[in-house]
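We did not get these values from a lab; they are worked out from the coordinates using the rules stated. Every value quoted in this text rests on a predicted model; they were computed, and no experiment measured them. Backbone-built Cβ (ideal geometry, glycine too); neighbour counts: all protein chains shown.
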Amino acid sequence: MGDNTNIVLTEAVYYILLSLTTPLHGYGIMQRTSELSRGRLVISAGTLYGAINTLLERGWIKQLFTAEDSRRKEYLITEDGKAVLRAELERLCELVVNGNKILNNK
């Protein structure tokens, strides 16, 4: 695993990784990201599968092996992916804290 402290995730990648803390197939990921974002983020199939390929290449998710006759591929976040997700969560929390300090005097 490399240094994950300076990686900024897109919102779609953030929600895809968050969705994959439990095994899901492509359509399930699309549903879960929409559910987590309260319908604000709708990921198209093209965007999803492009992201899945990138996340697989980076080692942030892995494909789970299912029955040979199954056409649905399931994916799950890896430990490296969790580290990236945690680093992004810390970055986002810092943004909120600093925004509140300046805009709301909190």
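Observations
- The label-point distance for N100 and V8, in a model that sets each label 7 Å from Cα toward Cβ, rounds to 2.2 nm.
- Length gained on full extension, R72 to R38, computed as 0.36 nm times the residue gap minus the Cα-Cα distance: 9.7 nm.
- For the range 20-25, Karplus couplings with θ = phi - 60° (6.51, -1.76, 1.60), whole Hz, Gly/Pro x: 8, 6, 10, x, 9, 9
- Fully extending the segment from E57 to T21 would add 11.2 nm, taking 0.36 nm per residue of separation and subtracting the current Cα-Cα distance.
- Expected 222 nm ellipticity per residue - DSSP helices of 4 or more, -39500 (n - 2.57), all of the chain, to 500: -18000 deg cm²/dmol
- Taking amide H as placed 1.01 Å from N in the peptide plane, E74 has its amide H under 5 Å from the amide H of L64, each at least 5 places away in sequence or on another chain.
- Separation in nanometres of the label points that stand 7 Å from Cα toward Cβ, at Y49 and L64: 2.1
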